[in-house]
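The values are calculated or read from the model by the stated rules, or taken from the named source; none is laboratory data. The structure displayed is predicted, hence computed values, not measured ones. When we count neighbours, we look across all protein chains shown, and the Cβ atoms used for this are built from the backbone with ideal geometry, even at glycine.
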Amino acid sequence: MKVGLFVPCYIDQFYPQVAVATLELLERLGCEVAYPREQTCCGQPMANAGCAEDAEATHRHTAACFREFDYAVGPSGSCVLHLREHVEQTATVRYYELCQFLVDVLQVDRLDASFSCKVGLHASCHGLRGLRLASSSERREPPFDHVAHLLGMIDGLELVGLSRPDECCGFGGIFAVQEEAVSVRMGADRLDDHLQHGVEVVTGTDMSCLMHLDGLIRRRDMPLRVLHVAEILNGSAEASCGIPPSKPLRSARHVRKYRTL
Amino acid sequence: MHDAAQNAVPVDHSDRAARFIAKGEQTTWHDSVLWRIREKRDAVSGSVEGWERLRDLASQIKEHTLSKLDEYLIEFEESATANGVQVHWAVDAEAHNRIVYDLLKVRGVRRVVKSKSMLTEECGLNPYLEARGFDVVDTDLGERIVQLRGEPPSHLVAPAIHIRREEISVLFHEKLGTPAGSSDPQFLAGAMRQDLRARFLAADAAITGVNFAVAATGGLVVVTNEGNADLGVHLAPVHIACMGIEKLIPKPEHLGVFLRLLARSATGQPLSIYTSHFHRPAPGRELHIVLVDNGRTRHLSREDFRASLKCIRCGACLNTCPVYRRSGGHSYGATPSGPIGAILAPGRDMEKYAALPFASSLCGSCSDVCPVKIDIHAQLYRWRQVAVREGHISGKKRLGMQMVGWITRRPARYRLAGRLARSLLRYAPRRLLYGRWNAWGRARELPERPARSFGEWYAAEREKE
């Protein structure tokens, strides 16, 4: 089975540790993984802004990058959904979000990792309602949750329930800036839900949602941090809480600076 | 009414939303009230066996009906006419208003009571009749409240959901003479009840909306919680029922599907308090039905968007929408508001409503909650494409997207742009980085700059041999 590692552009540029965790995890589970170096972006930023025409060349380029593979697996439900809906029809490769690939294709039933924290799971919408990584609260169907299932295999991890288990965080790509006030309010409300339930670490399948939430956490100096689910499943996250986030200094200074401006 | 009455000034949803959110507590309260309805809907839909199957059925019945709408409309007209009902056809809002006006005028009507009708709202019937000297009274409590405030409804089912109890207290004090400061809901509702009783008794005609019209029988179904449609119809000599042509269903047994879904989706009730079936006028009275197109046949021709005509106006997509709950119904500047409004309004007037398809995070909750399975979020995405194609986004944004497209089609350009972005994060002074241009940074930190990109890490760590 040839697996191509699909790395969303913003993960490549700003969260490389998430891609490293994804790569290592897939390798540890016995996959032969290659990273096509030529890949850029899935094209979703343009398409969601209504400019699908401007994404066409990018779509073709991305499809070409993964033509050789049986599976393209990436740590993002949103980008994978976009590829499935707008790129895949011309290629034979199957695009998979990481957790869905672990559960549905690799059928993983144990993981060697520990993480002693109270974790809140942010169910990102495109993974949830697009890829059906879990049952959504709107539908009357037998409950299931691929991501929670995998997190359940992590030693010491306590998965905390939320009041609104699958409400949107308000990232939404261009929405985050075009509808800034609503986006920020939605994110703040999500974080309140996590805080009220004693969450220490917010995790999820999509770093884009987590980037938005992390932006709020750092600006407001909230006692939370975000980690992509790949980092936890791979055991590459710091193994327990009570330790400060990895790079607190710069952001803390910025928070103070911001407040005095 | 704002549709027809106002000029085509584009609706700036994000600005209106920001102003609603700036009120702080009101957003918190608006969100929690509507979320409670969503939770009630979840609970009560779970008590129906085969909920998802019902949604499938409802969707299929509507799709079938829309595919043969011309035939069913004629069948409906024949059945209704045979029952002694007078059927009128209106090609657009103006024709609809004219028909209603003529019916009232000829009969010497002065005072009209209305039960809730989103269609008459869409057509701007109230201002049309008021301008011609009629006394028009909305009799649904919420509708009456927004009418007294001179506002459009902000929600399909709960028109005054954006207004706090204290504001209603002030309004009723001014308009109904209730004692100042009385804000007990039961007392206020009682005061309105007294006021409306006299108006019901004095009315010369009753106008109602229509929830379902059955082609085979010519019958109408009107659903209310307050019984105001029945009271109006039973007291007044003339009943005029106004309906969009998409309200049709083929057979009475199909009501068994839709009535199971409607109230549960709308308010979390198993059934609305009143489900009234009208088939023929009472002896000596008149029943008129106005069938309105107003852009619906044109919409039916749009393959990508016609599914929105399946809508049964339950409002579940509003209650579930995380944007609507925080931005308020008036931020959409359209009736209906919310996700369903955001896919219907651009079909009527893209110039004015081009911002609405962008007033969504595309979370998809609306599509999952919709009892007739309209692909609302997918339509929002497709309307965005139309909006851009027709030139309704700013040149700056379009240029930005073209740039991103140009950069991401070539790996070398992408890597260079990535390096520049990361350097900017590292070296640009904070005042520049978080300048006015940066909407993201108004309330959020930007991501921190990693030492290298994943691509650079991979090249160094994995490809060095």
Completion exercise
the range A:9-128: strands (runs of 3 or more DSSP E) wholly inside it with 3 or more residues that are at pLDDT 95 or above and more than 10 Å from every other protein chain (Cβ to nearest Cβ) are A:71-74, A:94-97, A:118-122
Practice task
Would you kindly identify the helices (runs of 4 or more DSSP H) lying entirely within the range B:339-410 that contain at least 1 residues that are at the interface with chain A (Cβ under 9 Å from one of its Cβ atoms), more than 21 Å from B:Gly329 (Cα to Cα) and among the hydrophobic types (A, V, I, L, M, F, W, C)?
Solution key: B:376-389, B:395-408
Fill in the blank from the handout: Given the conditions (1) under 25 Å from B:Pro252 (Cα atoms); (2) surrounded by fewer than 19 Cβ atoms within 10 Å (Cβ to Cβ), every one holds for B:Glu166 apart from (1)
Problem - Hey, B:Glu456 more than 20 Å from A:Ala64 (Cβ to Cβ), modelled with pLDDT of 95 or more and facing chain A (nearest Cβ under 7 Å) or not - result: no
Problem - Some residue of the range A:62-82 being in contact (Cβ under 8 Å) with a residue 60 or more places away in the chain, surrounded by fewer than 18 Cβ atoms within 10 Å (Cβ to Cβ) and of a type in the set (Gly, Ala, Ser) - result: no
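Just to be sure before I move on: is B:Arg98 in contact with a helix residue (DSSP H, G or I) (Cβ under 6 Å, 6 or more places away or on another chain), modelled with pLDDT of 95 or more and part of a helix (DSSP H, G or I) in the structure I sent? Please lay out each step first, then the result.
Details: in contact with a helix residue (DSSP H, G or I) (Cβ under 6 Å, 6 or more places away or on another chain): no; modelled with pLDDT of 95 or more: yes; part of a helix (DSSP H, G or I): yes.
Taking the combined requirement at face value, the residue does not satisfy it.
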Completion exercise
For the range A:190-238, the count of residues that are closer than 18 Å to A:Ala176 by Cβ, in a helix (DSSP H, G or I) and polar (S, T, N, Q) equals 1
Practice task
Check B:Trp35 against each of (1) more than 14 Å from every other protein chain (Cβ to nearest Cβ); (2) in contact (Cβ under 8 Å) with a residue 60 or more places away in the chain and name the one condition it does not meet.
Solution key: (1)
Practice task
Would you check if A:Ala188 is modelled with pLDDT under 95, of a type in the set (A, V, I, L, M, F, W, C) and surrounded by fewer than 24 Cβ atoms within 10 Å (Cβ to Cβ)?
Solution key: no
Problem - Candidate set from the range A:153-182 (those that are in contact with a Phe, Trp or Tyr (Cβ under 6 Å, 6 or more places away or on another chain) and closer than 19 Å to B:Phe20 by Cβ); member that is surrounded by the most Cβ atoms within 10 Å (Cβ to Cβ) - result: A:Gln178
Problem - Failed condition for B:Gly341, given (1) more than 23 Å from B:Glu94 (Cα to Cα); (2) without any contact (Cβ under 8 Å) to a residue 40 or more places away in the chain - result: (1)
Exercise for the section: Test B:Ser308 against the stated conditions and say whether it is in the same structural domain as B:Val85 (by TED's automatic domain parsing), in contact (Cβ under 8 Å) with a residue 40 or more places away in the chain and within 29 Å of B:Ala43 (Cβ to Cβ). Expected result: no
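Going by what's in this entry, would B:His277 be described as touching a strand residue (DSSP E or B) at 6+ places or on another chain (Cβ under 6 Å) and farther than 29 Å from B:Asp375 by Cα? Don't jump to the end; show me each part of the working.
On the way: touching a strand residue (DSSP E or B) at 6+ places or on another chain (Cβ under 6 Å): yes; farther than 29 Å from B:Asp375 by Cα: yes.
Criteria met by B:His277.
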Practice task
Please enumerate the residues belonging to the range B:421-432 that are at the interface with another protein chain (Cβ under 10 Å from one of its Cβ atoms) and not basic (Lys, Arg).
Solution key: B:Ala421, B:Leu425
Fill in the blank from the handout: When (1) touching a residue at least 60 places away in the same chain (Cβ under 8 Å); (2) buried (at least 18 other Cβ atoms within 10 Å of the Cβ) are applied to B:Asn97, the one that fails is (1)
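For the range B:213-240, name all the residues that are in a strand (DSSP E or B) and over 17 Å from B:Asn83 (Cα atoms). Give the steps one after another, and end with the answer.
The initial filter retains those residues of the range B:213-240 that are in a strand (DSSP E or B), namely B:213-214, B:219-224, B:238-240.
Of everything in the range B:213-240, those that are in a strand (DSSP E or B) and over 17 Å from B:Asn83 (Cα atoms) turn out to be B:Val222, B:Val223, B:Thr224.
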Handout entry: Pairs, first part of a helix (DSSP H, G or I) in the range B:71-91, second of a type in the set (D, E, K, R), C-beta under 9 Å, six or more apart
Key = B:Ala80/B:Arg280
Fill in the blank from the handout: Filter the range A:161-179 for residues that are at the interface with another protein chain (Cβ under 7 Å from one of its Cβ atoms) and acidic (Asp, Glu); the one that is nearest to the chain's Cα centre (by Cα) is A:Glu167
Practice task
From (1) assigned to a helix (DSSP H, G or I); (2) within 14 Å of another protein chain (Cβ to nearest Cβ), pick out the condition that doesn't hold for A:Arg132.
Solution key: (1)
Fill in the blank from the handout: (1) assigned to a helix (DSSP H, G or I); (2) more than 9 Å from chain A (Cβ to nearest Cβ) all hold for B:Cys314 apart from (1)
Exercise for the section: Output the number of the condition that B:Arg55 fails; it satisfies all remaining conditions of (1) more than 10 Å from chain A (Cβ to nearest Cβ); (2) buried (at least 17 other Cβ atoms within 10 Å of the Cβ). Expected result: (1)
Exercise for the section: Take the range A:146-163 and flag every residue that is within 19 Å of B:Ser365 (Cβ to Cβ) and either free of Cβ contacts under 8 Å to residues at least 24 places away in the same chain or of a type in the set (Lys, Arg) (or both). Expected result: none
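For the condition in contact with a strand residue (DSSP E or B) (Cβ under 8 Å, 6 or more places away or on another chain), without any contact (Cβ under 8 Å) to a residue 40 or more places away in the chain and either within 26 Å of B:Cys311 (Cα to Cα) or in a helix (DSSP H, G or I) (or both), what is the one hit in B:Glu174, B:Glu143, B:Glu166?
Numbers: B:Glu174 fails: in contact with a strand residue (DSSP E or B) (Cβ under 8 Å, 6 or more places away or on another chain); B:Glu166 fails: in contact with a strand residue (DSSP E or B) (Cβ under 8 Å, 6 or more places away or on another chain).
Step by step, each of B:Glu174, B:Glu143, B:Glu166 is checked, and only B:Glu143 is in contact with a strand residue (DSSP E or B) (Cβ under 8 Å, 6 or more places away or on another chain), without any contact (Cβ under 8 Å) to a residue 40 or more places away in the chain and either within 26 Å of B:Cys311 (Cα to Cα) or in a helix (DSSP H, G or I) (or both).
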